1. Return the lysines within reach of LYS46: Cα separation strictly under 28 angstrom, same-chain partners fewer than 8 residues apart disregarded; answer none if there are no such residues.
2. Find how much the distance from SER121 to ASP23 grows on full extension, using 0.36 nm per residue of separation minus their present alpha carbon separation; answer in nm with one decimal.
3. Could you run the Karplus curve 6.51 cos²θ - 1.76 cosθ + 1.60 with θ = phi - 60° over segment 13-23 and give me ³J(HN,Hα) per residue in whole Hz, x for Gly and Pro?
4. Below 21 Å, Cα to Cα, which lysines can LYS91 reach? Residues fewer than 8 away in the same chain don't count.
Amino acid sequence: MASETLDYPIGAFIFEVRQKNGDEYKGNTLYQIVIAIQHFLRENSKFVTLLDDAEFEGKHCKLYKKMKDLAAKGEEKMWRCGILASDTLDKMRDTLLYLLGLNFALQGGQEHYNLRHGENSQLRLGTDNNGRKYLEYHGRCVQV
């Protein structure tokens with residue numbers, strides 16, 4: 001199968017794959033499954049980089065969307081269970097730290113490593129209505 005035609009089935013697989021008991025895999029596990037598929041393809045003389053090659057951009061977006069959806073489900077559960085809350089000072093502090101990290105921090109070393117620069121930079125300099133400059137980060141997949 002040509003690289004261009006692999007993108008759709010791998011993306012569909014990401015959304016459909018389940019554990020034996022029917023539960024969804026965690027985001028990190030999905031990421032590792034994609035790496036395992038890449039390893040299998042390379043072992044069979046098909047050298048592709050599923051997480052970086054332009055032919056697989058659709059799959060990138062599907063993987064990151066799925067990982068984000070799974071994280072949101074986990075966050076909802078933390079709110080329901082009272083782990084994230086504002087009823088005590090400690091919980092409010094922990095909730096604030098979690099939400100700041102979630103919304104304003106890169107997710108890990110690999111995400112730092114994968115930052116793009118130059119013509120396709122993910123960092124852009126913007127100017128607000130008052131003329132103040134700010135730095136804006138754009139993730140790889142804006143829409144799916």
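1. Within reach: LYS26, LYS59, LYS62, LYS65, LYS66.
2. Numbers: separation 98, 0.36 × 98 = 35.28 nm, distance 3.68 nm.
So the extension gain works out to 31.6 nm.
3. Listing the rounded values in order: 4, 4, 6, 9, 4, 9, 6, 4, 7, x, 6 Hz.
4. LYS73, LYS77
Read the figures in this text as sums done on the coordinates, not as results from a lab. If you're wondering where the values come from, they're calculated on a predicted model, not measured in any experiment.
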